[in-house]
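The structure appears below as structure tokens.
The values are calculated or read from the model by the stated rules, or taken from the named source; none is laboratory data. Keep in mind it's a predicted model, so treat the numbers as computed, not measured. Here the Cβ positions follow ideal geometry from the backbone for every residue, glycine too, while neighbour counts run over all protein chains shown. Note: accessible area is taken over every heavy atom of the protein model, side chains too, but ligands, DNA and RNA are not part of it. Shrake-Rupley method; radii C 1.70, N 1.55, O 1.52, S 1.80 Å.
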Amino acid sequence: MRKVYLLTLGLVLLFIFSACDQEQASDSVIKEVTVTSKGRVIQSVLKPLERNTNSEEVNVSFQSLMAEPDVSIPYVKLGEIIEIKFSNTAPNSYKLTDYILKDNGTLKYKKETAEPVNVEWADKTATFKLDSNMAAFLSSDSKDYESGATIRGFRLTGEWLDQTKEITFVIRTDAK
């Protein structure tokens, strides 16, 4: 009888310790992100993400960000560095994608024209140089080639432990 009691107590303690460890691990998942370029803060949205996201859901992320009345879309010159700083920890895996957007936040071209972005990591900060996006040259409207007329949306999907999150931000820049 004593062995059964000790075995039950051991299993209960094992369950409690594993639950505490899992809770502590979830606390280390990203809670805040800051996107900047030359010291200017670029408004971003951080949200949980389902694993299979289609282009309509990508549109919704950019549209909701651009629809907020307080948001002004900053101009970032080609060649400038953009930093994405994570509050707690960098993702275990990530993918940063660059989209060309319309004024309302929808994708201007098919999602196949989106370009992956190479990122450099230092501790909890990802940086990349803003290069031109080849899809910006698909437009036949001459106004799209004026200074600051190209709207680009960036979407970083990252995985932290058992969670997948998305960070989206939007900038204005030049086509070339």
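Here's a check for you: in segment 58-82, which residue that is open to solvent by 70 Å² or more (accessible area, probe 1.4 Å) and of a type in the set (Ser, Thr, Tyr) is modelled with the lowest pLDDT? Give the derivation first.
Residues of segment 58-82 open to solvent by 70 Å² or more (accessible area, probe 1.4 Å): 60, 67-70, 72, 75, 77, 81.
Cutting the leftovers down to of a type in the set (Ser, Thr, Tyr) gives us 72, 75.
Values: Ser72: 84, Tyr75: 96.
Selected residue: Ser72.
Residues checked against (1) of a type in the set (S, T, N, Q); (2) over 22 Å from Met66 (Cβ atoms); (3) not in a loop (DSSP other than H, G, I, E, B):
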| position | (1), (2), (3) |
| --- | --- |
| Asn104 | yes, no, no |
| Ala136 | no, no, yes |
| Ser147 | yes, no, no |
| Glu159 | no, yes, yes |
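Whether any residue in segment 43-57 is touching a helix residue (DSSP H, G or I) at 6+ places or on another chain (Cβ under 9 Å), modelled with pLDDT of 90 or more and either in a loop (DSSP other than H, G, I, E, B) or more than 28 Å from Leu161 (Cα to Cα) (or both) is what I want to check.
Yes: segment 43-57 contains one or more residues that are touching a helix residue (DSSP H, G or I) at 6+ places or on another chain (Cβ under 9 Å), modelled with pLDDT of 90 or more and either in a loop (DSSP other than H, G, I, E, B) or more than 28 Å from Leu161 (Cα to Cα) (or both).
Just to be sure I understand, how many residues within segment 111-137 are open to solvent by 90 Å² or more (accessible area, probe 1.4 Å) and either among the small types (Gly, Ala, Ser) or at pLDDT below 90 (or both)?
Residues flagged as open to solvent by 90 Å² or more (accessible area, probe 1.4 Å) and either among the small types (Gly, Ala, Ser) or at pLDDT below 90 (or both) within segment 111-137 amount to 3.
Looking at Thr127, Thr89, which is the one that is part of a strand (DSSP E or B), among the hydroxyl-bearing types (Ser, Thr, Tyr) and in contact (Cβ under 8 Å) with a residue 40 or more places away in the chain? First the steps, then the outcome.
On the way: Thr89 fails: part of a strand (DSSP E or B).
Of the residues listed, the single one that is part of a strand (DSSP E or B), among the hydroxyl-bearing types (Ser, Thr, Tyr) and in contact (Cβ under 8 Å) with a residue 40 or more places away in the chain is Thr127.
Name every residue in segment 138-156 that is modelled with pLDDT under 90 and open to solvent by less than 80 Å² (accessible area, probe 1.4 Å), in order of residue number.
Within segment 138-156, Ser139, Asp141, Asp144 qualify.
Just to be sure, is Tyr94 in contact with a strand residue (DSSP E or B) (Cβ under 7 Å, 6 or more places away or on another chain), closer than 19 Å to Thr34 by Cβ and among the hydroxyl-bearing types (Ser, Thr, Tyr)?
Details: in contact with a strand residue (DSSP E or B) (Cβ under 7 Å, 6 or more places away or on another chain): yes; closer than 19 Å to Thr34 by Cβ: yes; among the hydroxyl-bearing types (Ser, Thr, Tyr): yes.
So Tyr94 fits the description; yes.
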